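Data first, discussion second: the structure below is written as structure tokens.
The values are calculated or read from the model by the stated rules, or taken from the named source; none is laboratory data. These numbers come from a predicted model, not from an experiment. Because the Cβ atoms are built from the backbone with ideal geometry, glycine has one as well, and the counts that use them run over all protein chains shown.
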Amino acid sequence: MYNTTMNHAEIMTSLHINYIFLLKNISNKYFLTIPQSLCILSVSSTGINQTELSKKLSIDLSTLSRNLDKLIAKNLIDKSSDINDKRTYIIHLTSSGNALYQNLIDGLNDEFLHIIQNISIDDYEPILNYVSIMNWEIEKFKHS
């Protein structure tokens, strides 16, 4: 069913490294580190539990806390106690954080649009579909 000569690990590693390269270019414009940008990009509009954010980013809570403290100091996020569990914090983007989120998304989309200009539309749709399926399968695996 699958081409056994294709090395998925190498391709996915290379894709990850290249995505981080693009993210770094965009993050530098806003004086953010890659982990700080990933935090901003991973907070939903309704907020996210700090423990869930740690799991989503696959980093220790202590590492996440250090990044969140820097983002709080920059007035990009705030955290508040969960009304159901005072030991748990909910992370929200501030209005500045929401604006930055949109700038990061727009910057990344601009980079991707520049890159896909070199890919034929006949190739682009199946590639995007395949990456989406792979991403979904990895998400399911993470939560199993």
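Numbers for the structure displayed
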read-out	value
Residue satisfying all of: in the range 4-52; modelled with pLDDT of 90 or more and of a type in the set (D, E, K, R); surrounded by the most Cβ atoms within 10 Å (Cβ to Cβ) among these	GLU52
In the range 78-97, the residues that are surrounded by 11 or more Cβ atoms within 10 Å (Cβ to Cβ), without any contact (Cβ under 8 Å) to a residue 40 or more places away in the chain and farther than 16 Å from GLU52 by Cα	THR94, SER96
Failed condition for SER44, given (1) farther than 23 Å from ILE91 by Cβ; (2) among the polar types (S, T, N, Q); (3) without any contact (Cβ under 8 Å) to a residue 24 or more places away in the chain	(1)
Filter result for ASN7 (without any contact (Cβ under 8 Å) to a residue 24 or more places away in the chain, over 16 Å from the mean Cα position of the chain (by Cα) and closer than 27 Å to VAL131 by Cα)	yes
Which listed residue is in a loop (DSSP other than H, G, I, E, B), β-branched (Val, Ile, Thr) and under 30 Å from ILE127 (Cα atoms), from ILE40, ILE59, ILE115, ILE83	ILE59
Any hit, the range 109-122, residues being surrounded by 14 or more Cβ atoms within 10 Å (Cβ to Cβ), closer than 22 Å to MET12 by Cα and either modelled with pLDDT under 95 or not polar (S, T, N, Q) (or both)	yes
Residue list for the range 60-73, filter: within 19 Å of the chain's Cα centre (by Cα), surrounded by fewer than 17 Cβ atoms within 10 Å (Cβ to Cβ) and within 28 Å of ASP106 (Cα to Cα)	THR63, SER65, ARG66, ASP69, LYS70, ILE72
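For (1) farther than 17 Å from LEU22 by Cα; (2) within 16 Å of the chain's Cα centre (by Cα); (3) touching a residue at least 60 places away in the same chain (Cβ under 8 Å), each residue gets a yes or a no:
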| position | (1), (2), (3) |
| --- | --- |
| ASN75 | yes, no, no |
| GLN102 | no, yes, no |
| ASP106 | no, yes, no |
| ILE116 | no, no, no |
| SER120 | yes, no, no |
| TYR124 | yes, no, no |
| MET134 | yes, yes, yes |
